[in-house]
Amino acid sequence: MALAAGQLFSGSEALAARLSCLKCHRPHYQAQGSCVGCHRGDPRSERLGIAHHDLITARFSWYGIPGATPVQRGNKLLETYACRRCHTTAGKGNRLASNLDRLPAGSTPQEMFDSIKTPALLMPEFRLEDGQITDLVNAILAGAKQSGPKGQETPQVVHFEAAKGDAENIFEKKCGACHKVLTRALGAFGKGSIGPNLSGLFSEFYPPTSHDKRRWRSDSLEQWLKNPRQSRSNTLMRPVPLQKGEFEKLLALLSGTPPQ
């Protein structure tokens, strides 16, 4: 995460660092802080390879400006596409996938941009325009800065293949042809992209797409599976017949309950 110049240097050193940058660059947003507060780099050296190390280019530097429009647009995209159903950003969200508040410490903004443009396995294909992805990266960087210093965090293990003996997993049998899901206890399931990604379905971060635009609950899911068109007349989804005990297994998987 980018640090303010005062956190890297003190007193006269911070002033010298700023003046070093301004030997080549036109001053702007000086009231918001130092050059490295938004752009990183190491202004203690005049050798470009050192001074520009891990440099954040202009399009990704809006995260350092309070109230910047690109950050506001990016935050709206985080909500629209429900990124927190799997990720944590700005200190909020599920831990089904990587904690985005820790991402800037080991990734460049361009690498973050590329990972959104070409999604990893199980990540939804949002087909965003380059400008939207740039706004998202700015919002992620701003969220990481907002959440503050990080202490130790328990590693989150994510399985992208079913364990042996899970070939008859209820999600794979009944839902996986059309849907994908990333679960807390068992990892990833499903290969379909016809239906929505169901990761974090029962969490507060999943879009309220149940009947009457409410959040999903166990009873609304059970009703939906029995007769989807009773809840949404124009849906293309067919009823999902479940045998005794199968709904409970599906519910446990989707809610993140560890297997018994």
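Things worth noting here:
- Neighbour counting of Cβ atoms within 10 Å sorts the residues 141, 78, 186, fewest neighbours leading, into 186, 78, 141.
- Zone residues, the range 57-91, relative to residue 108, backbone N less than 19 Å from point 7 Å out along Cα-to-Cβ: 57-64
- Simple point charges give the picture: +1 on the Cβ of Lys and Arg, -1 on the Cβ of Asp and Glu, and for the range 64-147 a dipole about the Cα centre of about 340 debye.
- Extending 7 Å from Cα along the Cβ direction at residue 69 and again at residue 231 yields two label points whose distance is 4.0 nm.
- With one equal scatterer per alpha carbon and no solvent term, the Debye-computed log10 I(q)/I(0) for the range 40-92 at 0.14, 0.16, 0.29, 0.32 1/Å reads -0.55, -0.65, -1.07, -1.14.
- In a DSSP loop and with at most 10 other Cβ atoms within 10 Å, the GluC sites (Glu not before Pro) in the range 166-260 are 168.
- Whole-Å distance, taken between Cα centres, linking the range 67-94 and the range 177-245: 23
- Residues whose amide H comes within less than 5 Å of that of residue 188, counting only those at least five positions distant or on another chain, are 159, 160, 161, 183 (H built at 1.01 Å from N in the peptide plane).
- Cα convex hull of the range 64-147, projected area averaged across orientations, nm²: 5.0
Taken together, the values in this text are just the output of simple stated rules run on the coordinates, not laboratory data. Everything quoted here is computed from the prediction, not taken from an experiment. Glycine gets a Cβ as well: all are built from the backbone with ideal geometry, and neighbour counts include every protein chain shown.
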